[in-house]
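Working notes, structure below.
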Amino acid sequence: MIIAIDGGKRRISFSGTVRGLLEHLSLSPSSVVVMREGEIVTLDESLNNDDEVVIMSVLSGG
Amino acid sequence: MRCIHCSEKAVFETPPLCKSHFSEYFERTVLRTINDFKLIRKGENLAVASSGGKDSNVLLFVLKKLGFKVTALAINEGIGGYRSLLLDSLRKFCLQQEIPLKIYDFREEYGFGTDDIAGHGGVCRRCGTLRRRLINIKAASFDVIATGHNLDDELQSLMMNIVKNNHEVAARIGPSSGVFNSQEAARYGFTRRVKPLFFLSEKEVVIYALLNRIPMINASCPYSSSSMRRHLKIPISRMEDESPGIKRRIIRGFMKISGPLKKSYGSSRPNRCVICGQPSKSRICSACRIASEIEEKLANSH
Ligand code: SF4
Ligand SMILES: [Zn+2]
Ligand SMILES: [Zn+2]
(Lines give C-alpha, C1' and ligand atoms only; values in the text may rest on other atoms or scores of the structure.)
(Ligands and ions follow the chains in the order given, each with its own letter.)
Protein backbone atom coordinates (compact mmCIF):
# COMPACT_ATOMS: atom_id res chain seq x y z
CA MET A 1 0.00 0.00 0.00
CA ILE A 2 1.16 3.52 -0.77
CA ILE A 3 0.54 6.09 1.92
CA ALA A 4 0.95 9.82 1.46
CA ILE A 5 1.47 11.53 4.76
CA ASP A 6 2.56 15.11 5.47
CA GLY A 7 3.78 15.65 1.93
CA GLY A 8 5.90 12.47 1.79
CA LYS A 9 4.98 9.14 0.18
CA ARG A 10 5.98 5.69 1.37
CA ARG A 11 5.13 2.10 0.65
CA ILE A 12 4.18 -0.31 3.41
CA SER A 13 2.63 -3.72 3.45
CA PHE A 14 -0.75 -3.56 5.14
CA SER A 15 -4.30 -4.76 4.82
CA GLY A 16 -6.98 -4.27 7.44
CA THR A 17 -9.19 -1.48 8.72
CA VAL A 18 -8.36 2.24 8.73
CA ARG A 19 -8.25 2.03 12.54
CA GLY A 20 -5.73 -0.80 12.27
CA LEU A 21 -3.57 1.21 9.86
CA LEU A 22 -3.49 4.19 12.22
CA GLU A 23 -2.59 1.92 15.13
CA HIS A 24 0.17 0.39 13.00
CA LEU A 25 1.52 3.91 12.32
CA SER A 26 0.99 5.07 15.94
CA LEU A 27 -1.32 7.86 14.81
CA SER A 28 -4.24 9.19 16.82
CA PRO A 29 -7.53 8.81 14.90
CA SER A 30 -8.87 12.14 16.18
CA SER A 31 -5.84 13.96 14.84
CA VAL A 32 -6.04 12.78 11.22
CA VAL A 33 -8.42 12.46 8.27
CA VAL A 34 -7.85 9.43 6.01
CA MET A 35 -8.76 9.45 2.31
CA ARG A 36 -8.79 6.89 -0.46
CA GLU A 37 -9.26 7.97 -4.07
CA GLY A 38 -10.15 11.45 -2.89
CA GLU A 39 -12.94 10.23 -0.58
CA ILE A 40 -12.87 10.34 3.21
CA VAL A 41 -12.94 6.87 4.78
CA THR A 42 -14.16 6.09 8.30
CA LEU A 43 -12.20 4.03 10.84
CA ASP A 44 -14.13 0.81 10.27
CA GLU A 45 -13.49 0.65 6.51
CA SER A 46 -11.23 -2.07 5.09
CA LEU A 47 -8.13 -1.23 3.13
CA ASN A 48 -6.31 -3.50 0.67
CA ASN A 49 -2.62 -3.74 0.19
CA ASP A 50 -2.94 -2.18 -3.29
CA ASP A 51 -4.85 0.91 -2.08
CA GLU A 52 -3.37 4.40 -2.18
CA VAL A 53 -4.17 6.24 0.99
CA VAL A 54 -3.73 9.89 2.00
CA ILE A 55 -3.41 10.69 5.68
CA MET A 56 -3.94 14.36 6.53
CA SER A 57 -2.91 15.67 9.89
CA VAL A 58 -5.54 18.07 11.24
CA LEU A 59 -3.34 19.50 13.97
CA SER A 60 -0.95 21.36 11.70
CA GLY A 61 -0.17 25.05 11.84
CA GLY A 62 1.17 27.23 14.59
CA MET B 1 -20.32 2.81 8.48
CA ARG B 2 -23.60 4.37 7.36
CA CYS B 3 -25.15 7.79 8.04
CA ILE B 4 -27.66 7.72 10.89
CA HIS B 5 -30.06 9.89 8.88
CA CYS B 6 -30.04 8.46 5.37
CA SER B 7 -27.84 5.31 5.27
CA GLU B 8 -25.41 6.86 2.73
CA LYS B 9 -21.72 6.12 3.31
CA ALA B 10 -20.46 8.01 6.39
CA VAL B 11 -17.52 10.44 6.29
CA PHE B 12 -17.58 11.09 10.03
CA GLU B 13 -17.90 8.73 13.01
CA THR B 14 -19.21 10.58 16.05
CA PRO B 15 -22.07 10.42 15.15
CA PRO B 16 -21.97 8.62 11.78
CA LEU B 17 -22.89 11.19 9.10
CA CYS B 18 -22.69 11.25 5.30
CA LYS B 19 -21.29 14.17 3.31
CA SER B 20 -24.46 16.20 3.12
CA HIS B 21 -25.64 15.48 6.65
CA PHE B 22 -22.19 16.31 7.99
CA SER B 23 -22.22 19.73 6.30
CA GLU B 24 -25.73 20.29 7.58
CA TYR B 25 -24.66 19.37 11.13
CA PHE B 26 -21.64 21.70 10.87
CA GLU B 27 -23.69 24.67 9.67
CA ARG B 28 -26.39 24.03 12.27
CA THR B 29 -23.77 24.01 15.04
CA VAL B 30 -22.39 27.37 13.84
CA LEU B 31 -25.88 28.87 13.70
CA ARG B 32 -26.78 27.52 17.11
CA THR B 33 -23.59 28.96 18.64
CA ILE B 34 -24.42 32.35 17.08
CA ASN B 35 -27.99 32.26 18.39
CA ASP B 36 -27.42 30.73 21.81
CA PHE B 37 -24.66 33.20 22.67
CA LYS B 38 -26.20 36.13 20.76
CA LEU B 39 -22.97 36.57 18.80
CA ILE B 40 -24.34 38.32 15.73
CA ARG B 41 -27.62 40.10 15.11
CA LYS B 42 -29.42 40.20 11.78
CA GLY B 43 -28.09 42.77 9.33
CA GLU B 44 -24.85 43.41 11.19
CA ASN B 45 -21.64 44.02 9.27
CA LEU B 46 -19.12 41.29 9.94
CA ALA B 47 -15.36 41.48 9.57
CA VAL B 48 -13.73 38.04 9.46
CA ALA B 49 -10.13 38.13 10.61
CA SER B 50 -8.64 36.11 7.76
CA SER B 51 -5.24 34.49 7.61
CA GLY B 52 -5.70 32.49 4.42
CA GLY B 53 -5.62 29.34 6.57
CA LYS B 54 -8.33 26.70 6.78
CA ASP B 55 -10.15 27.96 9.89
CA SER B 56 -10.80 31.49 8.68
CA ASN B 57 -11.57 30.24 5.14
CA VAL B 58 -14.17 27.86 6.54
CA LEU B 59 -15.58 30.65 8.70
CA LEU B 60 -15.91 33.00 5.70
CA PHE B 61 -17.59 30.29 3.66
CA VAL B 62 -20.05 29.13 6.30
CA LEU B 63 -21.06 32.64 7.46
CA LYS B 64 -21.69 33.70 3.86
CA LYS B 65 -23.68 30.53 3.26
CA LEU B 66 -25.78 31.24 6.36
CA GLY B 67 -26.64 34.65 4.89
CA PHE B 68 -24.41 36.95 6.93
CA LYS B 69 -22.76 40.07 5.45
CA VAL B 70 -19.04 39.23 5.57
CA THR B 71 -15.85 41.04 4.62
CA ALA B 72 -12.46 39.37 4.91
CA LEU B 73 -9.83 41.46 6.73
CA ALA B 74 -6.29 40.18 6.40
CA ILE B 75 -2.95 41.36 7.68
CA ASN B 76 0.27 40.93 5.77
CA GLU B 77 2.90 40.83 8.53
CA GLY B 78 5.70 40.53 6.01
CA ILE B 79 6.80 36.94 6.43
CA GLY B 80 8.31 35.91 3.11
CA GLY B 81 7.35 32.49 1.77
CA TYR B 82 4.62 32.03 4.38
CA ARG B 83 1.98 34.75 4.63
CA SER B 84 2.45 35.71 0.96
CA LEU B 85 1.52 32.13 0.01
CA LEU B 86 -1.59 32.16 2.19
CA LEU B 87 -2.67 35.61 1.01
CA ASP B 88 -2.39 34.60 -2.67
CA SER B 89 -4.72 31.70 -1.94
CA LEU B 90 -7.06 33.97 0.06
CA ARG B 91 -7.30 36.45 -2.83
CA LYS B 92 -8.38 33.68 -5.21
CA PHE B 93 -10.81 32.19 -2.71
CA CYS B 94 -12.51 35.54 -1.96
CA LEU B 95 -12.76 36.35 -5.66
CA GLN B 96 -14.36 32.99 -6.35
CA GLN B 97 -16.75 33.30 -3.38
CA GLU B 98 -17.51 36.98 -4.14
CA ILE B 99 -16.41 38.01 -0.66
CA PRO B 100 -14.89 41.51 -0.31
CA LEU B 101 -11.28 41.36 0.91
CA LYS B 102 -9.07 44.01 2.48
CA ILE B 103 -5.39 43.42 3.18
CA TYR B 104 -3.34 45.69 5.43
CA ASP B 105 0.42 45.64 5.49
CA PHE B 106 2.71 45.82 8.56
CA ARG B 107 5.35 47.63 6.50
CA GLU B 108 2.90 50.33 5.46
CA GLU B 109 1.26 50.69 8.87
CA TYR B 110 4.26 50.26 11.16
CA GLY B 111 7.25 50.77 8.87
CA PHE B 112 8.63 47.26 9.44
CA GLY B 113 7.60 43.67 8.82
CA THR B 114 7.92 40.59 11.02
CA ASP B 115 10.93 39.43 8.98
CA ASP B 116 12.69 42.66 10.01
CA ILE B 117 12.24 41.95 13.73
CA ALA B 118 13.25 38.28 13.61
CA GLY B 119 16.31 37.65 15.71
CA HIS B 120 15.25 40.21 18.31
CA GLY B 121 13.57 37.49 20.43
CA GLY B 122 9.90 37.01 21.25
CA VAL B 123 8.88 37.36 17.60
CA CYS B 124 5.53 35.67 18.04
CA ARG B 125 4.37 37.74 20.98
CA ARG B 126 5.18 40.98 19.16
CA CYS B 127 3.82 39.90 15.80
CA GLY B 128 0.60 38.61 17.34
CA THR B 129 0.01 41.70 19.49
CA LEU B 130 0.66 44.06 16.58
CA ARG B 131 -1.61 42.06 14.28
CA ARG B 132 -4.45 42.01 16.80
CA ARG B 133 -4.29 45.74 17.23
CA LEU B 134 -4.21 46.39 13.49
CA ILE B 135 -7.26 44.18 12.99
CA ASN B 136 -9.07 46.02 15.81
CA ILE B 137 -8.30 49.39 14.27
CA LYS B 138 -9.24 48.38 10.74
CA ALA B 139 -12.42 46.68 11.91
CA ALA B 140 -13.64 49.74 13.81
CA SER B 141 -16.32 50.47 11.21
CA PHE B 142 -17.74 46.92 11.48
CA ASP B 143 -20.21 45.69 14.10
CA VAL B 144 -18.41 42.45 14.85
CA ILE B 145 -15.02 40.81 14.32
CA ALA B 146 -15.31 37.05 13.84
CA THR B 147 -12.27 34.81 14.27
CA GLY B 148 -11.77 31.20 13.22
CA HIS B 149 -10.80 29.77 16.63
CA ASN B 150 -12.08 26.21 16.97
CA LEU B 151 -12.75 23.86 19.87
CA ASP B 152 -9.16 22.57 19.91
CA ASP B 153 -7.65 26.07 19.98
CA GLU B 154 -9.91 27.03 22.85
CA LEU B 155 -9.36 23.86 24.89
CA GLN B 156 -5.59 24.31 24.51
CA SER B 157 -5.89 27.96 25.58
CA LEU B 158 -7.98 26.99 28.58
CA MET B 159 -5.44 24.39 29.72
CA MET B 160 -2.46 26.68 29.04
CA ASN B 161 -3.94 29.58 30.96
CA ILE B 162 -4.83 27.40 33.93
CA VAL B 163 -1.35 25.89 34.02
CA LYS B 164 0.29 29.31 33.70
CA ASN B 165 -1.88 30.74 36.49
CA ASN B 166 -3.65 33.18 34.16
CA HIS B 167 -6.98 32.39 35.74
CA GLU B 168 -8.69 35.61 34.79
CA VAL B 169 -7.76 35.08 31.12
CA ALA B 170 -8.99 31.48 31.37
CA ALA B 171 -12.31 32.67 32.82
CA ARG B 172 -12.92 34.84 29.77
CA ILE B 173 -12.66 31.97 27.28
CA GLY B 174 -15.93 31.60 25.39
CA PRO B 175 -17.64 32.09 22.00
CA SER B 176 -17.74 35.81 22.62
CA SER B 177 -14.52 37.03 24.09
CA GLY B 178 -11.75 39.49 23.71
CA VAL B 179 -11.03 41.80 26.57
CA PHE B 180 -14.73 42.56 27.00
CA ASN B 181 -17.86 40.56 26.53
CA SER B 182 -20.47 41.67 24.01
CA GLN B 183 -22.44 43.92 26.34
CA GLU B 184 -19.34 45.58 27.72
CA ALA B 185 -17.93 46.07 24.25
CA ALA B 186 -21.13 47.75 23.07
CA ARG B 187 -21.31 49.92 26.18
CA TYR B 188 -17.75 51.16 25.72
CA GLY B 189 -17.90 51.45 21.94
CA PHE B 190 -15.47 48.69 21.00
CA THR B 191 -16.01 46.17 18.23
CA ARG B 192 -17.14 42.79 19.60
CA ARG B 193 -15.07 39.69 18.98
CA VAL B 194 -16.86 36.41 18.36
CA LYS B 195 -15.85 32.81 17.62
CA PRO B 196 -18.64 31.02 15.73
CA LEU B 197 -16.52 27.80 15.35
CA PHE B 198 -16.07 27.58 19.14
CA PHE B 199 -17.80 24.17 19.51
CA LEU B 200 -16.36 22.55 16.35
CA SER B 201 -13.17 20.53 16.50
CA GLU B 202 -10.23 21.01 14.18
CA LYS B 203 -10.99 17.64 12.59
CA GLU B 204 -14.56 18.75 11.88
CA VAL B 205 -13.25 21.97 10.31
CA VAL B 206 -10.91 19.97 8.06
CA ILE B 207 -13.68 17.58 6.99
CA TYR B 208 -16.00 20.50 6.21
CA ALA B 209 -13.23 22.16 4.19
CA LEU B 210 -12.58 18.95 2.22
CA LEU B 211 -16.28 18.38 1.48
CA ASN B 212 -16.83 21.96 0.34
CA ARG B 213 -13.56 22.40 -1.58
CA ILE B 214 -12.35 25.16 0.69
CA PRO B 215 -8.61 25.75 0.24
CA MET B 216 -6.26 24.46 2.93
CA ILE B 217 -2.69 25.56 2.30
CA ASN B 218 -0.09 23.52 4.09
CA ALA B 219 2.32 26.15 5.37
CA SER B 220 3.58 26.92 8.83
CA CYS B 221 5.13 30.11 10.05
CA PRO B 222 8.93 29.90 10.40
CA TYR B 223 8.73 31.82 13.70
CA SER B 224 5.95 29.78 15.28
CA SER B 225 7.04 29.14 18.85
CA SER B 226 4.00 28.06 20.83
CA SER B 227 5.64 24.84 21.95
CA MET B 228 3.32 24.34 24.93
CA ARG B 229 0.31 24.43 22.64
CA ARG B 230 1.94 21.87 20.35
CA HIS B 231 2.78 19.57 23.26
CA LEU B 232 -0.82 19.63 24.42
CA LYS B 233 -2.24 18.56 21.05
CA ILE B 234 -1.26 14.91 21.09
CA PRO B 235 -2.35 14.06 24.67
CA ILE B 236 -5.66 15.87 24.06
CA SER B 237 -6.37 13.91 20.88
CA ARG B 238 -5.42 10.64 22.61
CA MET B 239 -7.98 11.52 25.26
CA GLU B 240 -10.55 12.11 22.51
CA ASP B 241 -9.69 8.71 20.94
CA GLU B 242 -10.34 6.97 24.26
CA SER B 243 -13.49 8.91 25.01
CA PRO B 244 -15.05 10.46 21.89
CA GLY B 245 -16.72 13.80 22.61
CA ILE B 246 -14.68 14.53 25.74
CA LYS B 247 -13.21 17.77 24.33
CA ARG B 248 -16.65 19.21 23.74
CA ARG B 249 -17.86 18.00 27.14
CA ILE B 250 -14.98 19.74 28.90
CA ILE B 251 -15.59 23.03 27.06
CA ARG B 252 -19.37 22.82 27.56
CA GLY B 253 -18.84 22.04 31.25
CA PHE B 254 -16.49 24.98 31.54
CA MET B 255 -19.06 27.29 29.93
CA LYS B 256 -21.42 26.42 32.79
CA ILE B 257 -19.01 27.68 35.44
CA SER B 258 -17.31 30.49 33.52
CA GLY B 259 -20.19 32.97 33.93
CA PRO B 260 -20.00 33.24 37.73
CA LEU B 261 -16.21 32.95 37.51
CA LYS B 262 -16.00 35.95 35.16
CA LYS B 263 -18.28 37.94 37.44
CA SER B 264 -16.05 37.18 40.41
CA TYR B 265 -13.24 39.07 38.65
CA GLY B 266 -15.56 42.04 38.18
CA SER B 267 -15.58 44.28 35.15
CA SER B 268 -13.95 47.62 35.40
CA ARG B 269 -14.40 50.34 32.85
CA PRO B 270 -11.52 49.92 30.39
CA ASN B 271 -9.02 52.64 29.64
CA ARG B 272 -8.12 53.62 26.15
CA CYS B 273 -4.54 53.72 24.98
CA VAL B 274 -3.53 57.38 24.67
CA ILE B 275 -1.72 56.66 21.38
CA CYS B 276 -4.03 54.36 19.40
CA GLY B 277 -7.32 54.59 21.33
CA GLN B 278 -7.69 50.84 21.65
CA PRO B 279 -8.78 49.20 24.93
CA SER B 280 -5.92 48.91 27.34
CA LYS B 281 -5.30 48.26 31.01
CA SER B 282 -2.54 50.84 31.10
CA ARG B 283 -2.06 54.33 29.62
CA ILE B 284 -0.16 53.00 26.63
CA CYS B 285 -1.24 49.63 25.23
CA SER B 286 1.16 46.74 24.76
CA ALA B 287 1.01 47.04 20.96
CA CYS B 288 2.07 50.68 21.02
CA ARG B 289 4.83 49.87 23.50
CA ILE B 290 6.08 47.03 21.28
CA ALA B 291 5.93 49.19 18.14
CA SER B 292 7.97 52.00 19.66
CA GLU B 293 10.51 49.54 21.13
CA ILE B 294 11.04 48.02 17.71
CA GLU B 295 11.29 51.40 15.97
CA GLU B 296 13.96 52.41 18.45
CA LYS B 297 15.92 49.18 18.00
CA LEU B 298 15.74 49.38 14.22
CA ALA B 299 16.81 53.05 14.26
CA ASN B 300 19.81 52.23 16.47
CA SER B 301 20.91 49.35 14.28
CA HIS B 302 21.22 51.59 11.20
S1 SF4 C 1 3.25 32.26 14.25
FE2 SF4 C 1 4.00 34.06 15.40
S3 SF4 C 1 5.39 35.12 14.02
FE4 SF4 C 1 4.18 33.70 12.78
S5 SF4 C 1 2.46 34.93 12.03
FE6 SF4 C 1 1.78 33.93 13.92
S7 SF4 C 1 2.22 35.41 15.54
FE8 SF4 C 1 3.38 36.06 13.72
ZN1 LIG D 1 -26.95 11.23 5.48
ZN1 LIG E 1 -2.04 51.72 21.65
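The values are calculated or read from the model by the stated rules, or taken from the named source; none is laboratory data. Owing to the predicted nature of the structure, the values given are computational and were not obtained by experimental measurement. Virtual Cβ from ideal backbone geometry, glycine too; neighbours counted across all protein chains shown. Side chains are part of the model used for accessible areas, which takes the heavy atoms of the whole protein and leaves out ligands, DNA and RNA. Shrake-Rupley method; radii C 1.70, N 1.55, O 1.52, S 1.80 Å.
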> Under a Cβ-Cβ cut-off of 15 Å, what is the net charge of the residues other than residue A:6 that fall near it, where Lys and Arg count +1 and Asp and Glu count -1?
Replying inline: +4
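So what's the net charge close to residue B:123: Lys and Arg +1, Asp and Glu -1, counting the other residues with Cβ under 14 Å from its Cβ? Walk me through the intermediate numbers first.
Details: positive: B:83, B:125, B:126, B:131, B:297; negative: B:77, B:115, B:116, B:293.
Cβ neighbours under 14 Å give a net charge of +1.
For A:26-34, what's the mean count of beta carbons from other chains sitting within 10 Å of each residue's beta carbon?
Working: counts 0, 2, 10, 7, 16, 10, 3, 8, 0.
That works out to 6 on average.
If I stretch the segment between residue B:2 and residue B:92 completely, what's the gain in nm (0.36 nm per residue apart, minus their alpha carbon distance), one decimal?
Numbers: separation 90, 0.36 × 90 = 32.40 nm, distance 3.53 nm.
Separation in residues times 0.36 nm, less the Cα-Cα distance, equals 28.9 nm.
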> Under the definition of Cα pairs under 8 Å and six or more residues apart, what whole-number percent is the relative contact order of region B:21-269?
Replying inline: 25 percent
> Between residue B:41 and residue B:275, what length in nm is gained on full extension when 0.36 nm per residue of separation is reduced by their alpha carbon distance?
Replying inline: 81.1 nm
> At a 1.4 Å probe, what is the % contribution of carbon and sulfur to the accessible area of region B:21-269?
Replying inline: 51 percent
> Which peptide among B:193-202, B:231-240 comes first, and what is the full order, when sorted by highest mean count of other Cβ atoms within 10 Å?
Replying inline: B:193-202, B:231-240
> When chain B is treated as a GNM, springs tying every alpha-carbon pair under 10 Å, which of B:153, B:115, B:241 comes out with the largest mean-square fluctuation?
Replying inline: B:241
> Given the rule -39500 (n - 2.57) for each run of at least 4 DSSP H residues, summed and divided by the residues of chain B, what is its mean residue ellipticity at 222 nm, to the nearest 500 deg cm²/dmol?
Replying inline: -16000 deg cm²/dmol
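Before I look further, what does chain A give for accessible area per residue, probe 1.4 Å, in whole square angstrom?
Roughly 51 Å² per residue, with all protein chains present.
Which whole-number value in Å² is the accessible area per residue of region B:215-295, probe 1.4 Å? Working shown, then result.
Values: 5140 Å² over 81 residues.
Value returned for region B:215-295: 63 Å² of accessible area per residue.
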> So which residues of region B:196-215 lose at least 30 Å² of accessible area, probe 1.4 Å, when you go from the chain by itself to every protein chain present?
Replying inline: B:202, B:203, B:206, B:210
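I'd like the interface area for chains B and A: accessible area of each alone minus the complex, both sides summed, 1.4 Å probe, protein heavy atoms only. What is it in Å² to the nearest 100?
Numbers: alone 15780 and 4120 Å², together 17970 Å².
Answer for the B-A pair: about 1900 Å² buried.
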>> Out of the trypsin sites (Lys or Arg not before Pro) in region B:255-302, which ones are loop residues according to DSSP with at most 14 other C-beta atoms within 10 Å?
In response: B:281, B:283
> Which pairs, out of B:64/B:262; B:102/B:281; B:69/B:233; B:65/B:256; B:65/B:102; B:54/B:256, put more than 27 Å between their alpha-carbon atoms?
Replying inline: B:64/B:262; B:102/B:281; B:69/B:233; B:65/B:256; B:54/B:256
>> Just to confirm the number: angle between the C-alpha axis of helix B:19-36 and the first principal axis of chain B, 0 to 90 degrees, nearest 10?
In response: 50 degrees
> Cross-link partners among aspartates and glutamates for residue B:92, C-alpha distance below 17 Å, same-chain residues fewer than 8 apart left out?
Replying inline: B:55
> For chain A and region B:197-253, what is the separation of their C-alpha centers, rounded to whole Å?
Replying inline: 17 Å
